[in-house]
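Have a look at the structure below before the remarks.
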Amino acid sequence: MIAIPGIDAILEQFRQPDYRARLQEEMTVAESIQVRTTEVVVSACFIVLGATIGSYLNVVVYRVPRVISLVHQRSACPECATPIDGRDNIPILGWLLLKGACRNCRLPIAARYPLVEGVAGGIFMLLYFLELISGGANLPVRPPLTATPGWCGLSFTSNGTSSASICSIACCCSRC
Ligand SMILES: [Zn+2]
């Protein structure tokens with residue numbers, strides 16, 4: 001149910017073939033670089049946020065069945081019980097830097113940990129592109145729009161206001 005409006009929003013971009021080209025013609029090189037940089041930085045933030053939430057989900061999945069506190073206990077190797085350093089606890093990167101093995105006992109750490117973190121990061125990045133760049137196509141409350149898109153890809157109502165209040169966070173469009 002969530003995916004169908006999102007797919008429709010993506011397809012809508014292709015139904016207007018001159019849309020992106022027209023927007024890029026209106027932008028200066030500096031504005032174009034600023035928009036692209038903003039998109040990359042914000043999408044990277046969404047990936048980090050998603051991977052962090054995925055890391056916490058790993059903790060929940062491991063601890064809840066074993067009735068271990070989710071808050072008051074540091075992460076530890078399940079084999080040797082050595083507490084995991086902060087640098088080794090960075091989602092995805094920690095597992096990669098350790099080459100999938102505990103720093104202390106060198107026994108393998110399951111690949112599902114970075115997998116869950118990566119999938120969660122990917123889902124958050126997808127949500128960023130679907131919701132923010134598509135103008136909130138999947139949001140349950142969406143005001144009627146006219147076909148006058150801004151540089152950020154969001155559409156605007158006839159009085160020039162953005163269709164999504166979050167627009168100004170993610171872009172430098174002059175209409176936001
Ligand atoms: Zn260990």
**Message:** Checking the structure you have, find out if any residue of the stretch 78-100 is at positive phi and within 10 Å of the ligand (Cβ to nearest atom).
**Reply:** yes
**Request:** Within the stretch 61-72, identify whether any single residue is in contact with a Ser or Thr (Cβ under 9 Å, 6 or more places away or on another chain) and either within 14 Å of G122 (Cα to Cα) or among the basic types (K, R) (or both), and answer yes or no.
**Result:** yes
**Prompt:** From the list A81, A44, A51, which one is surrounded by 14 or more Cβ atoms within 10 Å (Cβ to Cβ) and modelled with pLDDT of 90 or more?
**Reply:** A51
**Prompt:** Just to be sure, is S43 part of a helix (DSSP H, G or I) and among the polar types (S, T, N, Q)?
**Reply:** yes
**Request:** Could you grab me the full set of residues in the stretch 65-77 that are within 16 Å of the ligand (Cβ to nearest atom), closer than 16 Å to A110 by Cβ and free of Cβ contacts under 8 Å to residues at least 24 places away in the same chain?
**Result:** S75, A76
**Request:** Quick one: count up the residues across the stretch 101-139 that are surrounded by fewer than 20 Cβ atoms within 10 Å (Cβ to Cβ), within 13 Å of the ligand (Cβ to nearest atom) and touching a residue at least 12 places away in the same chain (Cβ under 8 Å).
**Result:** 5
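Considering only residues that are surrounded by 15 or more Cβ atoms within 10 Å (Cβ to Cβ) and either at pLDDT 65 or above or among the small types (G, A, S) (or both), which ones fall in the stretch 13-41?
Applying the first criterion (surrounded by 15 or more Cβ atoms within 10 Å (Cβ to Cβ)) to the stretch 13-41 yields 19, 23, 27, 31, 34-35, 38-39.
The answer is L23, M27, E31, Q34, V35, T38, E39.
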**Item:** Checklist (1) over 25 Å from the mean Cα position of the chain (by Cα); (2) within 22 Å of G50 (Cα to Cα) applied to I123, failing item
**Value:** (1)
**Prompt:** Mind checking which residues of the stretch 87-96 are surrounded by fewer than 17 Cβ atoms within 10 Å (Cβ to Cβ) and under 20 Å from G50 (Cβ atoms)?
**Reply:** N89, L93, L96
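The values are calculated or read from the model by the stated rules, or taken from the named source; none is laboratory data. Remember, predicted model here, so these are calculated numbers, not experimental data. For neighbour counting, all protein chains shown are included, and Cβ atoms are generated from backbone atoms with ideal geometry for every residue, glycine included.
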